[in-house]
1. For residue 394 and residue 473, what is the calculated FRET efficiency with R₀ set at 25 Å and r taken between the beta-carbons, to the nearest 0.05?
2. Starting from the Cα gyration tensor of the chain, take the square roots of the eigenvalues, sort them a ≥ b ≥ c, and report rounded, prolate or oblate (rounded when a/c is under 1.5, otherwise prolate if a/b is larger than b/c, else oblate).
3. What Kirkwood hydrodynamic radius do you get for the range 239-343 when you take the inverse of the mean 1/r over all pairs of distinct Cα atoms, in Å?
4. What size of dipole, in debye to the nearest 20, comes out for the chain about its Cα centre when the only charges are +1 on Lys and Arg C-beta atoms and -1 on Asp and Glu C-beta atoms?
5. Tell me which GluC sites (Glu not before Pro) from the range 202-307 have a DSSP coil assignment and no more than 11 other beta carbons within 10 Å of their own.
6. Kindly list the residues of the range 362-391 that lie in the label zone of residue 454, defined by a backbone N under 16 Å from the point 7 Å along the Cα-to-C-beta vector.
7. Classify the range 4-258: rounded, prolate or oblate, from the alpha-carbon gyration tensor (a ≥ b ≥ c, eigenvalue square roots; a/c under 1.5 rounded; otherwise prolate if a/b is larger than b/c)?
8. With only Lys, Arg, Asp and Glu charged, each at its Cβ (+1 for the first two, -1 for the last two), find how big the charge dipole of the range 266-404 is about the Cα centre; round to the nearest 20 debye.
Amino acid sequence: MALNLYNTLSGRVEEFQPLKNNEVRMYACGPTVYDYGHIGNFRTFVAIDILHRHLQQSGYQVRHVMNITDVDDKIIRNSARDGVSVQEYTAKYEKAFLEDAAALNIERPILVRATEHILEMAEFVAELERKGFAYRTDDGSYYFRIANFPGYGKLSKKDFAGMQDGARVDVDDYEKDSARDFALWKAPKPGEAFWESSIGPGRPGWHIECSVMSMAELGETFDLHAGGEDLIFPHHENEIAQSEAKTGKPFAHFWFHARFLLVEGEKMSKSLGNFYTLRDLVLMGHKPSSIRFLLAAAPYRHQLNFTFDGLQQAAASVTRLRNFRLRLTSSQFAEGTNPDVSELAAETLKRLQAGLDDDLNTAQAQGAIFDMIRSVNALIDAGQVLRDDVPALLATLERFDRIFSVLSDDDLPKMRSIAEWAKAEGREQEISEALALAVAANQLSDAEVENKIAEMGAARRARNFAASDALRAQLATAGVVIENTKDGIRWRRK
Ligand code: AMP
Ligand code: ZN
């Protein structure tokens, strides 16, 4: 079965086919690195990561490029305010973004930085001017002439007929609703950072950055372009106009947009006090794996309402997945096979795949795996899961995790490093008791605990009780409580 994916450009779900062979060339608009990434940003990046992973699992070669916007109005303003260079100002936030993305197990795309492509951007603007799509103003800035590009509005489905020719806006971080000529290149104002270029001194507009970098990395026409829904207009509309005006060819084939995240039912905003960076949540003691699980729980085109209740439930779901795997790997099963179990594993795999192929229905994929866990737990209780059934169950679980990536616990080192960052930034008081406890008391990660439990089981089976007792003592010191239940070994933290 093929992936059916919603395409904002056509306004419907279409069967996804790469333009060239087996290769998928995709571009995602990355962060503007002027602050720490918030959970809304990461909802979009996790959605894009799931798309990337699913394409890979479907057998495609994925070339996934993401830009880092390291020059824009806010960056220029903030770096001038702080008296540091643009580079110095952005380096810190870029580093933080990459650490946060890694904490969420987002597979690293090929990264491109706007500041490394400035001269190509100037060349691109010059070419647009030669072709009659751009004009220069007295101050040395350049604008795109929307009236000369008849396709303008085809992505956002806005009607620009009758629009005034030559009406323009100056500031691209405030232009969200304007339908006027947009800046391609901005002449420097006194005291502002700028670059010398073939079209004079200045800096690129935000939209031109993505046209230039995507085409430099992926060619004039490529498969997929992604971002959050707020980018449809004007950013992506403008990217299409610039790119297609220059090349005369279609730009991206598919346009993928993730819906905005709400927090406790409201738009996230600093003034409402419901604005959270990823780091805020970790400082409160929440695990990156719970956050990733929650961000992936609603399909990307659905509204995801982030709540702290939901985050608790996500943490419980992750624990449930991990305990299930532990039960499979550490219990003793009688010899043999039960065809019902292999069928259940195969059925689950199918539902998982079908859910993801259905416009990345992550909720269905998660539902499928938890249905399997429920059924298999009941079968194990009834002694109906046999030794040769286990590999197929584990394989299904692994297949699920190649998309959702929450099974192997590397949470603790990530939480520890965010605690260290808070100390280094002089924000020690923001480290919650929960995080401090997690870092101090639990010196072992979940994976380390599970290894020790497995070793304990092996020692016991070899009747080496001294070794098994020593391991149990080590776990107790690390704050891990072990329970032998009828379902096998369970563990929790004190
Ligand atoms: P920015 O750093 O503001 O350019 O945003 C980076 C990415 O995060 C873009 O793809 C945005 O569309 C996306 N984004 C920003 N806010 C939210 C939100 N509340 N929910 C989902 N995605 C968002
Ligand atoms: Zn972009």
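The values are calculated or read from the model by the stated rules, or taken from the named source; none is laboratory data. Bear in mind the structure is a predicted one, so any value in this text is a computation, not a measurement. Note that each Cβ is placed from the backbone with ideal geometry, even for glycine, and that neighbours are counted across all protein chains shown. Accessible surface areas use protein heavy atoms only, side chains included; no ligands, DNA or RNA. Shrake-Rupley method; radii C 1.70, N 1.55, O 1.52, S 1.80 Å.
1. Efficiency, rounded to the nearest 0.05: 0.25.
2. In terms of gyration-tensor shape, prolate.
3. 17.9 Å
4. 1060 debye
5. none
6. Under 16 Å, as judged by backbone N against the label point of residue 454, lie 390-391 of the range 362-391.
7. oblate
8. 680 debye
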